[in-house]
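Asks: Take this structure, written in structure tokens, and hold onto it; I'll ask about it next.
A short reminder: the numbers here are calculations on the coordinates, not readings from a lab. This one's a predicted model, so the numbers in the text were calculated from it and none came from an experiment. All Cβ positions, even for glycine, are placed from backbone atoms using ideal geometry, and neighbour counts span all protein chains on display.
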Amino acid sequence: MIAFITGATRGIGKEIALELSKRGFDIAVNYRKETSELEEVKKEIEENGVKSFFVQGDVSSFEDCEKMVENVEKEFGKIDVLVNNAGITKDGLIMRMKKEDFESVIDVNLTGTFNVTRNVIPYMIKQKSGRIINISSVVGVAGNAGQTNYSASKAGIIGFTKSLAKEVASRNILVNAIAPGFINTDMTKVLPDNVKENINSQIPLKRMGTAKEVAKVVAFLAGEDSTYITGQVINVDGGMI
Ligand SMILES: NC(=O)c1ccc[n+]([C@@H]2O[C@H](COP(=O)([O-])OP(=O)(O)OC[C@H]3O[C@@H](n4cnc5c(N)ncnc54)[C@H](OP(=O)(O)O)[C@@H]3O)[C@@H](O)[C@H]2O)c1
């Protein structure tokens, strides 16, 4: 089985790659920036006895996505599971938010999800099977001050997921979303300590989640225990909403 994961060299994406590799999936990793850590990620994946293949590309570019998917198909001959994980934030109150900050977040998070999915779906339709797992966010469900752009992109992913699930169910393709709460990664590292403490106090489990806790739910949705689940959003948020 082959899984293609976007933005998978760090944070939640990397943990998803490792978790799925432990469960026997060969892994196609998309990355945007060349970093010295790529070799280490490759090694960690392959230590689980599976193959890995790395494709560079910006998910906000349709052409990049077309090339990436083509290359993964050439390498592995199929894609069983697609995880749309790549994402960015550019937070700010609406009064100060620049148009470019709104657009770039939508371009990467929402249009990026379309760009990759649009190129993968013909192969899944042909093989009459597939799983698509989109990483949304609790703020796409509940909203968050200072994140109008990000929340809109993540709410968009939920609508996209539910519509696509209905469209491709007859082809045996299951499409679901995960809405993580606050997860300890580079994305949330930048928050000041007092903000983190405030967030933790509002989470019933009183702590941020780990990337692994999200990855395990991805593995459930990618595996054989979720064959009757599609069009759903699973919150992984310590009880936040
Ligand atoms: N952390 C949280 O609390 C949290 C909560 C809810 C949802 N999420 C979502 O979970 C996903 C992963 O977040 P994270 O916390 O792991 O973030 P992260 O540590 O900042 O990692 C983001 C990943 O996305 C990649 N990426 C960004 N823009 C890209 C582009 N245009 N094309 C290809 N790859 C791109 C990055 O690649 P580079 O290394 O090249 O920049 C990186 O691998 C995101 O969709 C995020 O919105 C996170």
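Asks: Rounded to the nearest 500 deg cm²/dmol, what is the calculated helix-only ellipticity per residue at 222 nm for the chain, with -39500 (n - 2.57) per DSSP H run of length n ≥ 4?
Replies: The helix-only estimate for the chain comes to -14000 deg cm²/dmol at 222 nm.
Asks: Which residues among segment 53-89 fall inside the zone where the amide N is under 18 Å from a point 7 Å beyond the Cα of residue 129, along Cα→Cβ?
Replies: 73, 76-83
Asks: If you don't mind, another one. Based only on Cα atoms, what Rg/Rh ratio does the chain have, Rh being taken as Kirkwood's radius?
Replies: With Rh from the inverse mean 1/r over Cα pairs, Rg/Rh is 0.95.
Asks: Treating only the Cβ atoms of Lys and Arg (+1) and Asp and Glu (-1) as charged, compute the dipole magnitude of the chain about its Cα centre; round to the nearest 20 debye.
Replies: 560
Asks: Further question on the same structure: For residue 126, which aspartates and glutamates qualify as cross-link partners when the Cα separation must be under 13 Å and same-chain residues fewer than eight apart are set aside?
Replies: Once the sequence-local aspartates and glutamates are set aside, what remains near residue 126 is 73, 80.
Asks: Continuing with this model, one more query. Only Lys, Arg, Asp and Glu count, each charged at its Cβ (+1, +1, -1, -1), so figure out the dipole size of segment 10-140 about its Cα centre, rounded to 20 debye.
Replies: So the magnitude is around 400 debye.
Asks: Here's a follow-up. Going through the cross-link list 67/99; 22/216; 90/189; 67/189; 43/212; 42/154, which pairs have a Cα-Cα distance over 22 Å in this structure?
Replies: 67/99; 67/189; 42/154
Asks: Say R0 is 22 Å: what FRET efficiency, to the nearest 0.05, do residue 103 and residue 184 get from their beta-carbon distance?
Replies: According to the calculation, E is roughly 0.20.
Asks: Output wanted: per-residue J couplings in Hz (rounded whole) for segment 195-207, from phi through Karplus 6.51 cos²θ - 1.76 cosθ + 1.60, θ = phi - 60°, x for Gly and Pro.
Replies: Coupling constants for segment 195-207: 5, 4, 4, 4, 4, 4, 5, 8, 8, x, 7, 6, 7 Hz.
Asks: Once amide H atoms are built 1.01 Å from N in the peptide plane, which residues 5 or more positions from residue 235, or in another chain, come under 5 Å H to H?
Replies: Amide H neighbours of residue 235: 179.
Asks: Where does the charge balance sit around residue 215 when Lys and Arg score +1, Asp and Glu -1, over other residues with C-beta under 14 Å from its C-beta?
Replies: Around residue 215, the surrounding residues sum to +2.
Asks: Which FRET efficiency value, to the nearest 0.05, is calculated for residue 22 and residue 193 with the Förster distance at 22 angstrom and r the Cβ-Cβ distance?
Replies: Step by step, r from the Cβ atoms, then E = 0.10.
Asks: Can you grab the distance from the C-alpha centre of segment 126-152 to the C-alpha centre of segment 57-105, Å, no decimals?
Replies: 12
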